[in-house]
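A.B. asks: My structure is below; once you've seen it, I'll send some questions.
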């Protein structure tokens with residue numbers, strides 16, 4: 001019997017990249033498809049896990065954090081950071097004891113211990129993943145502790161964020177190098193130096209829509225005149241262009257209207273301009289699968305997407321601002337008020353789309369010329385469904 005995923009893959013292959021249209025309904029409504037995405041698009045590529053300083057803070061009950069359990073798609077992983085005289089190194093391992101598979105830490109728990117201790121039978125590992133203690137096995141003939149190190153997984157830091165790949169072990173040939181995954185997005189975002197911008201505010205949302213609907217909505221302003229009157233007052237909805245550059249990302253820029261300093265309800269800024277970036281442009285980019293970065297002349301905003309169900313997504317929205325000369329952060333209210341309003345307008349639209357996709361009468365609609373970034377996003381996800389890498393240059397694929 002053919003399942004949702006098989007039918008989706010067949011339809012994607014039949015399109016052969018020639019029909020600019022939405023994905024079939026199953027891509028947004030099927031448990032089977034989401035399970036595949038969590039394993040292959042999230043665990044099997046490079047998923048943003050959050051900011052390094054938050055995942056492993058310097059002050060965890062008075063000591064630097066050394067380990068934290070995280071979910072990478074549907075795979076539980078353990079981040080460790082070892083600081084010694086040679087510096088520090090971030091690593092990631094399968095969060096699975098090599099003895100009887102117990103989790104080493106519960107999801108999202110952190111610790112400042114200098115060893116990783118399984119709470120089931122006290123097998124212990126150092127922060128490099130090597131087994132250092134296995135109670136009862138010391139005198140066991142033939143027991144080789146070196147054969148039971150934790151399974152190490154690929155992890156990278158980029159622009160202040162941590163990215164993990166949890167489907168394959170470190171060094172596996174199917175792991176796309178992170179530099180290839182990012183591609184030319186580095187050139188677009190590097191001038192904003194987001195790693196040096198402290199967190200000023202954060203909102204979290206849980207919405208009744210598929211994560212891809214959120215992404216597709218983000219990638220077009222065709223809808224802006226109808227649902228974003230405040231946004232249209234500070235930026236023309238038809239402005240800007242989308243990039244066509246290598247990497248597993250989608251996005252483009254928009255321009256501010258004359259006299260507008262930033263995206264706020266008044267167009268005025270209460271922040272500090274970021275040196276070296278355009279004072280009139282806003283970059284909107286999406287590093288697949290789950291990090292949306294909106295870079296403004298005076299702040300960087302991100303949306304980090306975590307799919308919870310086919311029709312439910314958790315969204316972490318963060319605002320990063322440049323401190324003043326005295327180290328004080330500006331009040332982010334001007335940016336937060338604007339984008340919280342805009343977010344809620346978008347979430348209502350996304351939830352309506354999700355409900356519409358449940359209709360037996362839905363068929364994928366055509367994408368307009370102004371939705372070319374949506375078309376690129378659909379093309380990249382479609383490539384993933386049929387086993388092709390995300391990071392290729394679609395102009396030559």
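A.B. asks: Quick check on residue 316: is it assigned by TED's automatic domain parsing to the domain that holds residue 210 and buried (at least 19 other Cβ atoms within 10 Å of the Cβ)? Steps first, answer last, please.
C.D. replies: On the way: assigned by TED's automatic domain parsing to the domain that holds residue 210: yes; buried (at least 19 other Cβ atoms within 10 Å of the Cβ): no.
For residue 316, the condition - assigned by TED's automatic domain parsing to the domain that holds residue 210 and buried (at least 19 other Cβ atoms within 10 Å of the Cβ) - is not met.
A.B. asks: Among (1) part of a helix (DSSP H, G or I); (2) surrounded by fewer than 17 Cβ atoms within 10 Å (Cβ to Cβ); (3) in contact (Cβ under 8 Å) with a residue 60 or more places away in the chain, where does residue 308 come up short?
C.D. replies: For residue 308, the exception is condition (1).
A.B. asks: Taking residue 74 as meeting all but one of (1) closer than 29 Å to residue 6 by Cα; (2) touching a residue at least 60 places away in the same chain (Cβ under 8 Å), write down the number of the exception.
C.D. replies: Of (1) closer than 29 Å to residue 6 by Cα; (2) touching a residue at least 60 places away in the same chain (Cβ under 8 Å), only one is false for residue 74: (2).
A.B. asks: I'd like the residue in the range 291-302 that is in contact with a helix residue (DSSP H, G or I) (Cβ under 7 Å, 6 or more places away or on another chain) and touching a residue at least 60 places away in the same chain (Cβ under 8 Å) and, out of all such residues, is surrounded by the fewest Cβ atoms within 10 Å (Cβ to Cβ). Spell out the reasoning first.
C.D. replies: Of the range 291-302, the ones in contact with a helix residue (DSSP H, G or I) (Cβ under 7 Å, 6 or more places away or on another chain) are 292-293, 295, 299-301.
Those left that are additionally touching a residue at least 60 places away in the same chain (Cβ under 8 Å): 292-293, 295, 299-300.
Details: 292: 22, 293: 25, 295: 25, 299: 30, 300: 25.
So the residue we want is 292.
A.B. asks: Right, here's the next one. What are the residues in the range 263-277 that are out of contact with any helix residue (DSSP H, G or I) (no Cβ under 8 Å at 6 or more places or on another chain) and either in contact (Cβ under 8 Å) with a residue 24 or more places away in the chain or under 14 Å from residue 219 (Cα atoms) (or both), if any? I'd like the intermediate steps shown before the answer.
C.D. replies: Filtering the range 263-277 down to residues out of contact with any helix residue (DSSP H, G or I) (no Cβ under 8 Å at 6 or more places or on another chain) leaves 272-273, 275.
272, 273, listed by residue number.
The values are calculated or read from the model by the stated rules, or taken from the named source; none is laboratory data. In this text, all values refer to a predicted model and were calculated from it rather than measured experimentally. Heads up, the Cβs are rebuilt from the backbone with ideal geometry, glycines too, and the neighbour counts pull from every protein chain shown.
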